[in-house]
Amino acid sequence: MRTVRDVHARTVAAPAETVGALLDRLAADDDPLFPVPVWPAMRFDRPLGVGATGGHGFVRYRVTAYEPGRRVRFDFPGGGHHAVEITPLDAGSCRVTHVLEDRLKGVQRLLWPPAIRWVHATVVEEVLDNAERAATGTIRAPVRRSPWVRLLNRLLWARPTAVAVPPGARLARGAFARTDFQDAWQLPLPPGMPRDPAAWKDVLRGAFPERGRAETADGGEILLGRDARHLDFRASVLVESPAAGADGRTAGHGGRVTLSTVVRTHDAGGRLYFAVVRRVHPVLARALLRRTHRRLALAAPSAGEREWAARAPQAGYGHRVRP
């Protein structure tokens, strides 16, 4: 059994109270620290506090200590922990420290050197980047994702799940009076990703013209497609955000994006053609949705940028692909 101790620290030119207020929103819908949407969000079964259970991605842990505005500790089920602590330095600055202590067992011992340590270090440094950006508006030395970390991020990216064509996809459902094929693939829509369906229209690499667009109370839908002699094809991208509850908070985190396909054939030639195409269609649909999902996530403003923009609207930001 191998014990790992990993420490990352950052001096932030802002009062400890300012940075501590950011820490208290960890895992909330508007979490300003965790690097979402590029990495899986930190989520718990209740608001941040002792006893809250959850994690990020496949990493599970439980909150075992929490001092609002100062410190939070998370314990892993099999032993070990990680913690974030804010230490005041003077009236206008503080130090943010993240400590990981874990006892590597089994496959963890094999995966830590080539993969886990690099992803972990990058995620923690991006948390510190967000703390600095959200508190001060700038980052003196932002972390850069190495080619190896970018590859691991690509490999670990969420994969679409098969669902029925959603009720909200009204353009897809109403495209044809009769359909000979339909399917739908869905991915979660983390905070920070675009809710305008027009941002997703290149999901099919621009191969099909826009056929319609609809706005809804919680998102919208864009319809793409083309008519041919033997068959007609439509692809719908539906963006849905979670509804707000009575307290104004969302009922769930993020939202979801669904790529739906409906096909109508005209004759035997169309049916024969699509009998071949439908074997590769699911693979292509999943790959295209996943590719677009990741591209838009990488181009989205960071949590720290979103927080700073909300606090200081004059400090505008735009979409760009980060290194």
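Read-outs: derived from the displayed coordinates by stated rules, not from any lab. As the structure is a prediction and not an experimental result, all values here were calculated from the model. No Cβ is skipped: glycine too gets one built from the backbone with ideal geometry, and neighbour counts run over all protein chains shown.
The table that follows gives values for the structure above.
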read-out: Most fluctuating residue given options HIS293, HIS82, HIS266, as computed from a GNM of the chain linking Cα atoms under 10 Å; value: HIS266
read-out: Most mobile listed residue (GLY219, GLY57, GLY20) in the chain, GNM with C-alpha springs under 10 Å; value: GLY57
read-out: Hz values of 3J(HN,Hα) by residue in the stretch 8-16 - Karplus curve (6.51, -1.76, 1.60), Gly and Pro given as x; value: 10, 9, 8, 8, 10, 7, 7, x, 4
read-out: For the stretch 148-156, Karplus couplings with θ = phi - 60° (6.51, -1.76, 1.60), whole Hz, Gly/Pro x; value: 5, 5, 5, 5, 4, 4, 5, 5, 8
read-out: Mean residue ellipticity (222 nm) of the chain, computed from DSSP H runs ≥ 4 via -39,500 (n - 2.57), nearest 500; value: -8500 deg cm²/dmol
read-out: From the coordinates shown, semi-axes √(5λ) of the Cα gyration tensor in Å corresponds to which of (i) 29, 22, 19; (ii) 42, 22, 17; (iii) 39, 20, 16; value: (ii)
read-out: Cα lying deepest toward the dipole's positive end in the stretch 2-156, options THR97, ALA21, VAL119, charges on Cβ; value: VAL119
read-out: Cα shape, the stretch 161-299, gyration tensor, a/c 1.5 rule; value: prolate
